[in-house]
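Here is the structure we will look at.
The values are calculated or read from the model by the stated rules, or taken from the named source; none is laboratory data. All figures in this text were calculated on a predicted structure; none of them were measured in a lab. Backbone-built Cβ (ideal geometry, glycine too); neighbour counts: all protein chains shown.
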């Protein structure tokens with residue numbers, strides 16, 4: 001048993017070090033995924049005529065009329081990332097962006113599901129995974145949620 005003690009001690013030391021890095025990892029995750037959606041929302045709102053055209057002609061959003069889908073999608077891409085970036089109601093923001101991300105994949109599946117677009121689909125899968133990490137882990141210590149006791 002004593003021959004394994006150095007390995008166990010090393011593993012425990014590594015765990016302590018990584019635990020200290022967790023808040024920074026969660027902050028980086030929040031900021032990265034927020035930035036991806038904020039960029040997309042900003043392009044949509046600053047090129048509104050093009051956005052409406054794309055929602056009418058290219059994106060196949062189920063159930064919603066194109067103009068309402070454009071408004072909802074743009075709102076989601078601008079509002080939920082702000083919550084994540086601040087770490088304020090983080091889990092709500094993560095659920096909101098998961099819905100926006102899923103709807104983007106469904107609405108654009110005729111392209112994302114095609115051969116040659118595996119990288120674009122992989123981006124959505126990565127963002128979904130990052131959002132799931134935030135949903136299950138919360139924002140971490142470097143957040144307004146933590147500071148306000150709203151974990």
**Study point:** Scope the stretch 97-140; condition farther than 13 Å from residue 84 by Cα and not in a helix (DSSP H, G or I); matching residues
**Key:** 108, 113, 114, 115, 116, 117
Practice item. Test residue 25 against the criterion of being farther than 22 Å from residue 147 by Cβ, in a helix (DSSP H, G or I) and modelled with pLDDT of 95 or more, and give yes or no. Key: no
**Study point:** Sole exception among (1) within 25 Å of residue 131 (Cα to Cα); (2) without any contact (Cβ under 8 Å) to a residue 24 or more places away in the chain for residue 26, by number
**Key:** (2)
**Study point:** Members of the stretch 75-84 found to be surrounded by fewer than 22 Cβ atoms within 10 Å (Cβ to Cβ) and closer than 17 Å to residue 127 by Cβ, listed by number
**Key:** 76, 78, 79, 82
Review point. Does the stretch 136-148 include one or more residues that are within 30 Å of residue 19 (Cα to Cα), exposed (fewer than 13 other Cβ atoms within 10 Å of the Cβ) and modelled with pLDDT under 95?
Key: yes
Review point. Mind checking whether some residue in the stretch 81-96 is in contact (Cβ under 8 Å) with a residue 60 or more places away in the chain and either over 20 Å from residue 27 (Cα atoms) or assigned to a helix (DSSP H, G or I) (or both)?
Key: yes
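Okay, residues lined up against (1) surrounded by fewer than 17 Cβ atoms within 10 Å (Cβ to Cβ); (2) in contact with a strand residue (DSSP E or B) (Cβ under 7 Å, 6 or more places away or on another chain); (3) over 23 Å from residue 58 (Cα atoms):
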{"position": "87", "(1), (2), (3)": "no, no, yes"}
{"position": "93", "(1), (2), (3)": "no, no, yes"}
{"position": "101", "(1), (2), (3)": "no, no, no"}
{"position": "106", "(1), (2), (3)": "yes, no, no"}
{"position": "120", "(1), (2), (3)": "yes, no, no"}
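Out of 64, 68, I need the residue that is outside any helix (DSSP H, G or I), at pLDDT 95 or above, on the phi < 0 side of the Ramachandran plot and surrounded by fewer than 17 Cβ atoms within 10 Å (Cβ to Cβ). Which one? Talk me through it step by step, then tell me what you get.
Details: 68 fails: outside any helix (DSSP H, G or I).
Step by step, each of 64, 68 is checked, and only 64 is outside any helix (DSSP H, G or I), at pLDDT 95 or above, on the phi < 0 side of the Ramachandran plot and surrounded by fewer than 17 Cβ atoms within 10 Å (Cβ to Cβ).
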Check your understanding: Would the stretch 6-29 turn up any residue that is surrounded by 12 or more Cβ atoms within 10 Å (Cβ to Cβ) and either touching a strand residue (DSSP E or B) at 6+ places or on another chain (Cβ under 9 Å) or closer than 21 Å to residue 120 by Cα (or both)?
Key -> yes
